[in-house]
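To start, the structure itself, in structure tokens.
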Amino acid sequence: MTIAELKLEPLTCPSCIKKINSSLRKIEGVENGSIDIRFNSSKVFTTFDPQKVNITTIVNNIEKLGYPVERYRLKTKM
């Protein structure tokens with residue numbers, strides 16, 4: 001499993017969190033219950049299986065919703 005930390009452009013409303021959360025939960029390979037979206041820092045944390053989904057798919061999913069990803073970091077979960 002891999003942990004992703006994605007920094008987005010500033011989120012403008014709490015409904016942004018619901019949209020992103022709902023969309024990420026539908027992606028096969030994203031671990032259920034692992035999505036943590038922080039409104040004040042505009043960061044998204046999630047755990048995913050790199051054999052089922054890659055970070056590009058996750059980034060594209062968020063950006064299609066209208067939330068540009070400025071950068072991301074990946075860490076292998078032990």
Original post:
Once the Cα atoms of helix 15-25 and of the chain are each reduced to a long axis, what angle between those two axes, in degrees from 0 to 90 to the nearest 10, is obtained?
Top reply: 20 degrees
**OP:** Show that you can apply the helix-only estimate: for the chain, add -39,500 (n - 2.57) for every DSSP H stretch of four or more residues, divide by all residues, and state [θ] at 222 nm to the nearest 500.
**Re:** -8000 deg cm²/dmol
Subject >> On Cα atoms only, tilt of 55-64 relative to the major axis of the chain in degrees >> reply: 20 degrees
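At a 1.4 Å probe, what is the % contribution of carbon and sulfur to the accessible area of the chain? The partial results should precede the final answer.
Details: 2390 of 5020 Å².
Percent of accessible area from carbon and sulfur atoms in the chain: 48.
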Subject >> Accessible area (Å², per residue) of segment 1-75, counting only protein heavy atoms and a probe of 1.4 Å >> reply: 62 Å²
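Tell me, in nm to one decimal, what length is gained between Glu70 and Asn21 on full extension, where the rule is 0.36 nm per residue of separation less the Cα-Cα distance?
15.8 nm is the gain from fully extending Glu70 to Asn21.
Determine the dipole magnitude for the chain: charges of +1 sit on the beta-carbon of Lys and Arg, -1 on that of Asp and Glu, nothing else is charged, the reference point is the Cα centre, and the result goes in debye to the nearest 20.
Details: 13 positive and 8 negative charges, 16 e Å.
That gives a dipole near 80 debye.
Cα convex hull of the chain: mean projected area in nm², to one decimal?
Working: hull surface 18.3 nm².
With the hull built on Cα positions only, its mean projection is 4.6 nm².
The values are calculated or read from the model by the stated rules, or taken from the named source; none is laboratory data. Model, not experiment: these values are computed from the prediction. Cβ atoms come from the backbone with ideal geometry, glycine included; neighbour counts cover every protein chain shown. Ligands, DNA and RNA are stripped out before the accessible areas are found, and what is left, the full protein with its side chains, is counted by its heavy atoms. Shrake-Rupley method; radii C 1.70, N 1.55, O 1.52, S 1.80 Å.
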